[in-house]
Amino acid sequence: MSQIIDLATNNALLSGLILAAIIGIISWLWRAHQNRRDSNAIFKFLTASKAETPHTFRSTEAIASKTKLTQSRVEELCTKHKKIQRNAKEKQSWKLIE
């Protein structure tokens, strides 16, 4: 173990690569956390909306307004979510699927 540490501290290129890898991993983890947090907010809104209103689909604009996310962010996350489906006729609306 000490040989690896000595090699990393004495080799600038290797130190740089290790630092880049650490920064990349931290960045990826942060994005994954943000995606999960925002997806959960959208899912909770759609769940509450389904219980409170007779509307099956909710517009991207309504979701964005209630979750304080941009419309493009809502669209991106809804497209990736397994339990959220886009309306085939009106592309800017979404619903929960069972």
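Structure data summary
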| quantity | calculated |
| --- | --- |
| Single unsatisfied condition, Ser27 versus (1) at pLDDT 95 or above; (2) polar (S, T, N, Q); (3) closer than 30 Å to Ala88 by Cα | (3) |
| Count - residues of the stretch 1-43 that are surrounded by 11 or more Cβ atoms within 10 Å (Cβ to Cβ), touching a helix residue (DSSP H, G or I) at 6+ places or on another chain (Cβ under 8 Å) and not hydrophobic (A, V, I, L, M, F, W, C) | 4 |
| Tally of residues being more than 30 Å from Thr79 (Cα to Cα) and among the aliphatic types (A, V, I, L, M) across the stretch 3-58 | 11 |
| Which listed residue, of Thr60, Thr67, Thr53, Thr79, is of a type in the set (Val, Ile, Thr), exposed (fewer than 12 other Cβ atoms within 10 Å of the Cβ) and within 17 Å of the chain's Cα centre (by Cα) | Thr79 |
| In the stretch 71-96, residue farthest from Ala32 (Cα to Cα) [restricted to those that are without any contact (Cβ under 8 Å) to a residue 40 or more places away in the chain and in contact with a helix residue (DSSP H, G or I) (Cβ under 6 Å, 6 or more places away or on another chain)] | Gln92 |
| Qualifying residue in the stretch 5-20 (condition: assigned to a helix (DSSP H, G or I), closer than 20 Å to Ile97 by Cα and free of Cβ contacts under 8 Å to residues at least 60 places away in the same chain) | no |
| Matching residues in the stretch 56-65 - criterion: being in contact with a strand residue (DSSP E or B) (Cβ under 9 Å, 6 or more places away or on another chain) and either farther than 20 Å from Gln34 by Cα or not polar (S, T, N, Q) (or both) | Thr56, Phe57, Arg58, Ser59, Ala62, Ile63 |
| Meets criteria (in contact with a His (Cβ under 7 Å, 6 or more places away or on another chain) and either more than 30 Å from Ile5 (Cβ to Cβ) or β-branched (Val, Ile, Thr) (or both)) for Ser39 | yes |
| Residue that is nearest to Lys91 (Cα to Cα) [pool: residues in the stretch 44-60 that are touching a helix residue (DSSP H, G or I) at 6+ places or on another chain (Cβ under 6 Å) and part of a helix (DSSP H, G or I)] | Thr60 |
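The values are calculated or read from the model by the stated rules, or taken from the named source; none is laboratory data. Worth saying up front: this structure is predicted, and the values here are computed from it rather than measured. Quick reminder, even Gly has a Cβ in these numbers, built from the backbone with ideal geometry, and neighbours come from all protein chains shown.
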